[in-house]
Structure formats: C-alpha cells, structure tokens
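A short reminder: the numbers here are calculations on the coordinates, not readings from a lab. Fair warning: this is a prediction, and the values are worked out from it, not measured in the lab. Ideal geometry is used to build each Cβ from the backbone, glycine not excepted, and the neighbour counts take in all protein chains shown.
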Ligand code: HEM
C-alpha cells in the first residue's frame, strides 16, 4: 500500500457547494499519489471522504463520483454539457500532435455502424493465420508483445488496407504507430513530461512517416482493379476523401486511419492478452474452450475486460450543469472535470468481483446487476451514448485470435500471477511483469 495515500493528502477535500480550501501546492499532493497508483488513490479518498469528493491536481479541478446514483448520472450527462471528447483531448494532447485531430472525416461510429460483418471477419481470420505462421513450430512469446503485434495486423487489415500488412511495410507501420501510441499518455502518465519537453518531436516524425507510407499504399491501390481490393473499412475511409487532390487525399486518409488505429491501441491487445492469461491459469476452463465452447470463450473475454479495466471515465464540463448523488445535487461549472474510475467500481461493487469468474457474464450481459445498485457501476465497453462503437468488432477479434491459437498450438504459461500495472489511469491494464508463454505447434 502506498503510504503517500494516507489520510492527510493535501489538496483533497470533501466536495461541497461551499468555496474550497485549496492546498498551497495542490499539484504536489494528490498529483504524485495519482501518478503512483490511481486506483488506490481514488479508493482511499473514497474511504476517507465518501463516495463523492473533489480535489485539484495538475491544474485539473476534479469531482469524483462512486455511488450508484452518482455514477449512473455521470453516464447520463449529455456531451454538450459534460464532454467525453474534450476530456479525452485534455488527456491525449500531452502525447498526440494536435494536427492529427483537425479535419477528420471518418470516425469509428460511422465505420462500425455500417460494418460489413462478412468481410471483416474474413480479413481478421486471414490476418491471424498470417501472424501465427510467423511463429514457426515452437518457441516462446511474451503475451502482451505478441497480442500487440497481432492486434496491429488485425486492425490494419480491417481499416488500414490489405496493402498495409505486406511484409516490409507492416513492420514500418507498427514502429511508427508504437511511437505515436496515444495510450502511452495514460499507461505511463509519468512519462508525459518527457513527451511535452521534446515538443512531441518523435510523435510528429512518426505521423509524417505514416503519411508517407499511405502515399505508397494509395499509389499501389489506385493501380488495382476495384474488384480485387477486398478492403473492408478502408474503402469507406477512401470514399470520404475521393474528391481531394492527391497529396490532400493521402494525408486525409492516413489521418483517418491513424485516429481509428490509435483508438484500437488503447484496449484491444491488452484485453486479448488477459483473456489468454486467465484461460492459461485455469486448465479446466481452457479444456472446455479447446473443445469448442465459444460461448465460454466470449464470457471469459468480457470477464477479463471487467476485471482488468483501468479506465478513468472522464468528462470535461462545458456548460453549467448538475450532478446528483443519493444525498445532494451539486453544481458543476465549465472547466471542471467529472470522473469515476472503472478499476474501483468494477471490482468493489459486490462481494467476489475482485475475482475472475466467467459466470459473471451470460453472453455480453453482466449477471449480477441486481446486486449492485446501478448497472452503470460495472462495465466493459461503457454505457449510453459513448458505448464503444467497436465492442462487437473487439470481441470477434479476440474470439478469432484465441480460437486459432488454441487450435494450432499447445501453450505453456511461464508466468506467475500477473497483476495490472499500478500506474495506469486509462484503458485495459498492461501487466506488472512479463507474461511469457511457451508454444508448440499441434498441427503441421
Ligand atoms: C477490448 C477492446 C475495447 C474496450 C474494452 C473498449 C472500451 C471502451 C469504453 C469503456 C468506452 C467508453 C469510455 C467512456 O465513455 O468514457 C469506449 C469508447 C470508445 N471506443 Fe472502445 N474499447 C475497445 C476497443 C475499441 C477499438 C478497437 C476501437 C477503435 C477501432 C475503439 C474506439 C472507441 C471510441 C471511438 C470510443 C468513443 C465513443 C464515443 O465517445 O461515443 N474501442 N471504449
């Protein structure tokens, strides 16, 4: 337990409508404790101050809600009053070059809203088969390194053009996307200073490299007959830029691909890794999955995400509005942030939720909603208007990848009891240690 999270954390006060007493160095007190272990920080303050409280840190004025009524009302606030988009930007702008956010035409909602399930499932299966071929007959991999690479390939095959996944090209794209990776800003928040201090030089160079590679991809694509392309979501992205000049078109398409791909880097590969890890830790469940139980595999995926969620749900207040909990209603003013933390609510809202149990899910439905006061207290892909547009795509991806891996390889866990990285404040957890897995091909 972090001693710095003791009762006397400066800058943290119970939230009330009265003017707040602010510590002399508000960014030093809660700031460092949040960076060390945000989940512990939010929970300890909750035990000390109650389910609704206020603090100031790093220039953020933050109202936190953890009670059933408070969390339910947070999810229900409209975007024009309490914005997820502006809140995300505040977090990501420490890492991502601002020019990437300007002028985007294709967003995940429109992409997945018109999804052609057949094409994308085919593309995913093909991408997985290619990556598994590269493993050879036997060896060892680190779970998160492996799924990160796999998810890059699956994502790019879906929305980045099949031409992006060609040997020689995919390696260059992966390197650039890993440099640009916006999830770094909440997985390793303490590194944010270095990014800021270097003026995001590496990130800007990675952005230019990706634009250049998309110049090549489009030149090859334009020379292909349309019927041979089998492009999935990439076709939709290209359509949005059809009428532009060559350079503008390549930059626009590259920018749209980057935004979608960066959204996917936050969670998908980590959810895939935990699903493998939890199954490898439980031989009886693994046997059932190996015998073909896809329903169990899907429940294990949802349970892995629930248990390993580290997302802060963050809204920036744009217009005066009100948040109510069971005891009172509070005025929120523009510029403030409203937050809850999934790693706290997902695991502490009822007994036993800190443990992995696939019976917590029936398909995608959480089975213990009746016990927890508000269904919003537990979530995998969010609630309401901001529910993840790629939820179905993500569970399909994890099912296809895990099924192919279990069908083709005997796997041996070489890790012991990995836990979430304590510093993470967003997305699905990365592990606090390497999770190595030995493999041997079953079928030639
Ligand atoms: C297992 C994988 C994933 C998990 C667990 C996950 C989880 C979530 C959660 C909890 C939210 C709501 C956050 C909030 O309201 O504050 C969300 C929203 C979102 N997710 Fe995902 N996500 C996953 C995969 C993806 C992928 C693959 C993409 C893109 C290709 C994506 C794009 C988005 C976008 C754009 C939103 C914002 C939606 C909006 O503001 O209306 N997600 N996701």
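Details
- Where labels lie 7 Å past Cα in the beta-carbon direction, separation of residue 391 and residue 130 in nm: 3.0
- Prolate/oblate/rounded label for segment 59-441 (Cα gyration tensor, a/c 1.5): oblate
- Inter-label distance for residue 84 and residue 227, nm, one decimal - labels placed 7 Å from Cα along Cα-to-Cβ: 4.2
- Centroid-to-centroid separation of segment 105-170 and segment 198-254 [C-alpha atoms, Å]: 17
- 11 Å cut-off, amide nitrogen to a point 7 angstrom out along residue 442 Cα→Cβ, residues in segment 385-429: 403-411
- Taking 224, 265, 43 as the candidate residues, the one with maximal mean-square fluctuation in a Gaussian network model of the chain, Cα springs under 10 Å, is 224.
- Cβ-to-Cβ counts within 10 Å put 137, 410 in ascending order as 137, 410, the fewest first.
- Taking each DSSP H run with n ≥ 4 as -39500 (n - 2.57) and averaging over every residue of the chain yields -14500 deg cm²/dmol at 222 nm.
- Residue 322-residue 179 FRET efficiency (beta carbon distance; Förster radius 45 Å; 0.05 resolution): 0.60
- Inter-part distance where segment 378-444 and segment 298-336 are each reduced to a Cα centre, Å: 24
- The modelled label-to-label distance for the pair residue 410/residue 122, using points 7 Å beyond Cα in the direction of Cβ, is 3.6 nm.
- Exposure proxy for 233, 42, 415, 409: other Cβ atoms within 10 Å of each Cβ, ordered fewest to most, give 415, 409, 42, 233.
- For the chain, the longest principal axis of the C-alpha atoms and the axis of helix 169-180 are separated by about 10°.
- Taking a point 7 Å out from the Cα of residue 104 in the direction of its Cβ, the residues of segment 252-282 whose backbone N falls within less than 16 Å of it are 252-268.
- Against the chain, whose longest principal axis is taken from its Cα atoms, helix 391-408 shows a tilt of about 50°.
- Ordered by the number of other Cβ atoms lying within 10 Å of each residue's own Cβ, fewest first, 75, 274 fall into the sequence 75, 274.
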